[in-house]
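K.L.:
Got a structure for you, questions after.
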Amino acid sequence: MGEGKEKEQEKVEGKIEGKEKDEEKENKKWGEWIEEEFCEKDIEKFLDAIGFTEGEKERYLKDGLIPPTFLTVFRKGRPPYPVKDYTTLLHAEQEYEFFHPLPKPKTKIKYRTRIADINEKVSKKTGKKMTFIVFETEYYTDERLFCIARATIVFL
């Protein structure tokens, strides 16, 4: 990594409270482990929110199906570093990498979140700096990784 790029990265990381420099490339420290149950009521609310009809909801709940994007609203974990000094944020991207099918409702899920990447860019339109942070969450059931979800948030 060039000297200019290293200084830029340090400047961006300074906006992450408590960020320690000795983490360097492995600056991907995980947040706390959280364990909870896939709750049928939460799944039902999610299906309502994304516009499922009563018939579709019944079928999903009866068959124990869970839309993959439910993981985004299910996750309550936070990375170990609070982001400060920003007034606006934009949810830019979401991706999921599945290794096994989603568990059925009432299954205990264990997960944790980390900051996987941080980049800063200047908007061509406004000339203002934007900080892009990729949050990564691992989801486990019975100690088996079944999904990694990544969300890119832009802080303005």
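K.L.:
Suppose the filter is closer than 19 Å to Leu102 by Cα and modelled with pLDDT of 85 or more; does Glu37 pass it?
P.N.:
For Glu37, the condition - closer than 19 Å to Leu102 by Cα and modelled with pLDDT of 85 or more - is not met.
K.L.:
Tell me, please, whether a residue that is surrounded by 11 or more Cβ atoms within 10 Å (Cβ to Cβ), free of Cβ contacts under 8 Å to residues at least 40 places away in the same chain and in contact with a Lys or Arg (Cβ under 7 Å, 6 or more places away or on another chain) can be found in the stretch 76-88.
P.N.:
No, every residue in the stretch 76-88 fails to be surrounded by 11 or more Cβ atoms within 10 Å (Cβ to Cβ), free of Cβ contacts under 8 Å to residues at least 40 places away in the same chain and in contact with a Lys or Arg (Cβ under 7 Å, 6 or more places away or on another chain).
K.L.:
I've got another one for you. Find all pairs meeting these conditions: Cβ atoms under 6 angstrom apart; at least six residues apart or on different chains; first residue within the stretch 108-120 and in contact (Cβ under 8 Å) with a residue 40 or more places away in the chain; second residue outside any strand (DSSP E or B) and of a type in the set (Lys, Arg).
P.N.:
Hits for this filter: Arg114/Lys28; Ala116/Lys28.
K.L.:
May I ask you to list the residues in the stretch 104-122 that are under 26 Å from Glu40 (Cα atoms) and modelled with pLDDT of 85 or more?
P.N.:
Taking the stretch 104-122 first, the residues under 26 Å from Glu40 (Cα atoms) are 104-113.
If the condition is that a residue be under 26 Å from Glu40 (Cα atoms) and modelled with pLDDT of 85 or more, then Thr107, Lys108, Ile109, Lys110, Tyr111, Arg112, Thr113 are the ones that fit.
The values are calculated or read from the model by the stated rules, or taken from the named source; none is laboratory data. As the structure is a prediction and not an experimental result, all values here were calculated from the model. Note that each Cβ is placed from the backbone with ideal geometry, even for glycine, and that neighbours are counted across all protein chains shown.
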